Amino acid sequence: MKKIKPFSILLPGVLLLSSCANLPFIGAEDIPVQAAIDTSKPFSNDEYTKLLTQYVTDDGWVNYEELQKNRGELDRYYAQLAAVTTDTYKSWDTNQQLAFMLNAYNALTLLAIIEQDPLKNSIRDIPGVWSSKKFQVAGESKTLNNIEHDIIRPTFNEPRIHAALVCAAKSCPPLRNEPYTGESLEAQLEDQAKKWVSNSETGFRIDRQENKVYLSKIFDWFGEDWEADFGVKDQFAGNDKQKAALNFISNYVSVEDQAYLKAGKYQVSYLDYDWSLNKQ
């Protein structure tokens, strides 16, 4: 399967802003940077690492109530994301850029959730959360949709990102409780893909009694992202994007299940999607 080349050098040092004064104009839908950061220290994921360790379980559930009460680490990490310049971001290797954007999307999703008081039951209860609310990332103002659909998906051509981007819903893939890093990205994406498709409630399920195969709705919404690398004609069942998704999934299942999938003698359906908050 397609791989991102493993990466072994650390993120370059980046001087960070100590206040919001030099950030672009903040409009009504912009989420302001609220933390001061030390300009003498280079960019790092340390603050994000701390909050993920404290507030996210190994299974990907989030303690939003406690994170909301103790948001300092998340605010400081947002300030770091905002302080990285466009030129610095462009100077990074592909793995560094993708790891940075994956972390940004997931961290800013957490920020969008805890900005609500009281907390919403679902991210979909936050008006404009994906399309209108703007965040400062790498020298530009971006929505979550910008990060996912205008940067990550078209730039990196890596379908495993759908196992890594987490929209704060129970049916999303699990939120990883460590940051993505350039040097570990390949192993992390593989691990996320395995965790995702092994979850019979939210990722993938075979029902041999009914002779049906169930896929996450994510494979329906973004199925074309798998077609370039996993498209097939003479194996698996369903339409082109379903066959491509099943070809991808076959890399993470048993030999017996792989043979069943390739034979294609079943119906393909999608699992129900639970948009309830992925809270602990």
Condition first: under 25 Å from Val62 (Cβ atoms), modelled with pLDDT under 95 and under 20 Å from the mean Cα position of the chain (by Cα). Can you find one or more residues in segment 84-104 that meet it? yes
Of Asp234, Asp225, the only residue that is at pLDDT below 95 and either more than 22 Å from His149 (Cβ to Cβ) or assigned by TED's automatic domain parsing to the domain that holds Lys262 (or both) is Asp234
Give all pairs with beta carbons closer than 7 Å in which a residue from segment 53-79 that is buried (at least 21 other Cβ atoms within 10 Å of the Cβ) meets a residue that is in a helix (DSSP H, G or I) and aromatic (Phe, Trp, Tyr); count only pairs at least 6 apart in sequence or on separate chains. Val62/Tyr55; Leu67/Tyr55; Tyr77/Tyr48
Which one of Asn95, Asn145 is touching a Phe, Trp or Tyr at 6+ places or on another chain (Cβ under 6 Å), in a helix (DSSP H, G or I) and surrounded by fewer than 21 Cβ atoms within 10 Å (Cβ to Cβ)? Asn145
Among the candidates Leu119, Leu81, Leu102, which residue alone is in contact with a helix residue (DSSP H, G or I) (Cβ under 8 Å, 6 or more places away or on another chain), in the same structural domain as Tyr180 (by TED's automatic domain parsing) and outside any helix (DSSP H, G or I)? Leu119
Only one residue in Trp226, Trp196, Trp221 is in contact (Cβ under 8 Å) with a residue 24 or more places away in the chain and farther than 25 Å from Leu52 by Cβ, so which one is that? Trp226
Going through Ala82, Ala36 one at a time, which residue ends up being closer than 18 Å to Glu140 by Cα and small (Gly, Ala, Ser)? Ala82
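Take the conditions under 19 Å from Leu81 (Cβ atoms), at pLDDT 95 or above and not β-branched (Val, Ile, Thr) and apply them to Glu190. Does it pass?
Here the answer is no, as Glu190 does not meet what is asked.
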Test Asp207 against the criterion of being acidic (Asp, Glu) and crowded, with 22+ Cβ neighbours inside 10 Å, and give yes or no. no
Options Gly182, Gly139, Gly203, Gly238: the member that is touching a residue at least 24 places away in the same chain (Cβ under 8 Å) and touching a strand residue (DSSP E or B) at 6+ places or on another chain (Cβ under 6 Å): Gly238
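The values are calculated or read from the model by the stated rules, or taken from the named source; none is laboratory data. Computed from a predicted model, the values in this text were never measured in an experiment. All Cβ positions, even for glycine, are placed from backbone atoms using ideal geometry, and neighbour counts span all protein chains on display.
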